[in-house]
Amino acid sequence: MYEPNFNDPRVIKRCKRALGFAFGILGTKEEKQCHARSMDKYFGQGQTQISQYLKAQLLTPVDPHYQFGGEKSLCKTYKLNRTGALKLYSDISHNLTLTKQREYTLVADELEKEHLAELQSGEFVYNDKANRTWHPLQNVRSEPRKFLFNRHGYSHIYDIKACAPTVVAHLADQYATKKTITVKRMNATFNSFLTNTHDFRLHIADTANIDYGVAKKLINALFAGANLGANSQYDTFKMLNYNYNTVRALQADRELYELRTAISKAWKLIQVGEGIELPKHKRMTSSKKWGIYFQYERLIMDVIADYLDREHVRYFKEHDGWSCNVELDLELLLSYVRHKTGINNLEIEYEGYGG
């Protein structure tokens, strides 16, 4: 059976590169799609013994199949095999204990080899697709990414608070020419949610016995028209680990029912307001709704990027947020963004690294 020579500097270098990918991209709970070419870049050519060994040590396959072409291409999905990763780190470091600091340093060291010039200049090269700007560093897990950016001065982290719900609520109210009782109830439900977003997410997490992050994703999916039901084709059912009892508990929850009702009303208003014509008895798909939202998210982020450029700020965009090298005047920035976009219910959240 193949066993790498952990005294060979070339082997150590290859192991560190694979560990940097595994610790930086993969988690033990949420699966990630991994493109074959990206895998080869960090693990080496798939037919080599070292590559096969590293994959066996670091990866837990979730779905070993892939789909190419068609409406939706899917890559193989994996989770981190943390037990194997810890053993590999111990092997190459001669039994050194892996602390969080060492783990994040290992990730940062590997990512800097490819992105150092961008990190130093702030001139990141994004791929523009479907009204979003994409960059490989956006795929890095939150904590190691914050560590990496902090090493280069991007220690001020901002995001649009509940961006998708905020945009949907704004558009629905804007397109509701008649303030009927139903519209007033919809607005009241949205106002309550946006005022108490954190508490509502906690309530859903507790009701469904899921992590806070999963509850946040679930609610965002519902705002984009996702269905809540025990159907294996529903992404929400997958988020809930295909648990029928969890789905029933959420379907019976009064607060969530009111929010889902408001969302349904909102998209009927948005469809008319945006001039979207559909075949008879057809509804807007979730992907169509996401597409509309992404247009407005892009508008907001373009305005913010314009502001940051004018202030000569170095920044990295993360869809509905960004990290930058200076702390901003939030009152001034919010005033500017609200004026330029007309979305007056926008709020921006701030986090200083380590704060």
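Please treat every number below as a calculation from the coordinates, not as lab data. Since this is a predicted model, take the numbers as computed values, not measurements. Counting neighbours? That spans all protein chains shown, and the Cβs are built from the backbone with ideal geometry, glycine included.
Mind checking the dipole of the chain: about its Cα centre, +1 per Lys or Arg Cβ, -1 per Asp or Glu Cβ, Debye to the nearest 20?
In total the dipole reaches around 1120 debye.
By its C-alpha gyration tensor, with a ≥ b ≥ c as the square roots of the eigenvalues, how is segment 81-182 shaped: rounded for a/c under 1.5, else prolate for a/b larger than b/c, else oblate?
The shape class here is prolate.
Tell me which residues come under 5 Å, amide H to amide H, from Gly153 once H is placed; ignore anything under 5 positions away on its chain.
Correct list: empty.
Just to be sure I understand the model, the point goes 7 Å from the Cα along the line to the Cβ. What's the resulting His203 to Ser93 distance in nm?
4.4 nm
With a Cα-only, solvent-free Debye model of segment 241-315, what are the log10 I(q)/I(0) values at q = 0.12 Å⁻¹?
-0.60
Apply the Karplus curve 6.51 cos²θ - 1.76 cosθ + 1.60, θ = phi - 60°, to the phi angles in segment 224-241 and return the couplings in whole Hz, x for Gly and Pro.
Each residue's phi maps through the Karplus curve to give 9, x, 5, 8, 10, x, 8, 10, 4, 7, 7, 4, 5, 5, 5, 4, 9, 6 Hz.
Along each principal axis of its Cα atoms, how long is segment 9-119 end to end? Whole angstroms, biggest number first, please.
46, 33, 28
Tell me, what does the Kirkwood hydrodynamic radius of segment 153-355 come to in angstroms if you use every pair of distinct C-alpha atoms?
Value: 18.2 Å, from the Cα pair sum.
Please arrange Met186, Met39 by how many other C-beta atoms lie within 10 Å of their C-beta, fewest to most.
Neighbour counts put them in this order, fewest first: Met39, Met186.
Could you line up Lys178, Lys265, Lys184 from fewest to most neighbouring Cβ atoms inside 10 Å?
Result, fewest neighbours first: Lys178, Lys184, Lys265.
Which residues' amide hydrogens lie under 5 Å from the amide hydrogen of Leu59, considering only partners 5 or more residues apart or on another chain, with H built in the peptide plane?
Residues meeting the amide H criterion: Asn81.
With a bin width of 10 angstrom, please list the P(r) values of the chain as percents of all Cα-Cα pairs, from the 0 bin to the one holding the largest distance.
Values per bin, smallest distances first: 5, 20, 28, 26, 15, 5, 1, 0.
Please work out how much length the chain gains when fully extended from Glu274 to Glu123, using 0.36 nm per residue of separation minus the C-alpha to C-alpha distance, in nm with one decimal.
Length difference between fully extended and current span is 50.9 nm.
Give the long-range amide H neighbours of Gly27: residues separated by 5 or more places, or on another chain, with amide H under 5 Å away, using H modelled in the peptide plane at 1.01 Å from N.
Under 5 Å from the amide H of Gly27 lie the amide H atoms of Leu80, each far enough along the sequence or on another chain.
Test of the criteria: in segment 322-355, which chymotrypsin sites (Phe, Trp or Tyr not before Pro) are in a DSSP loop and have at most 16 other Cβ atoms within 10 angstrom of their Cβ?
In loop regions of segment 322-355 (DSSP not H, G, I, E or B), the sparsely surrounded chymotrypsin sites (Phe, Trp or Tyr not before Pro) are Tyr353.
Need one number: convex hull volume per residue for segment 140-246, Cα atoms only, in Å³.
143 Å³
Would you kindly state how much longer the chain becomes between Met1 and Asn196 on full extension, computed as 0.36 nm times their sequence separation minus their alpha carbon distance, in nm to one decimal?
64.5 nm
If we count other beta carbons within 10 Å of each Cβ, what is the order of Leu98, Leu218, fewest first?
Leu98, Leu218
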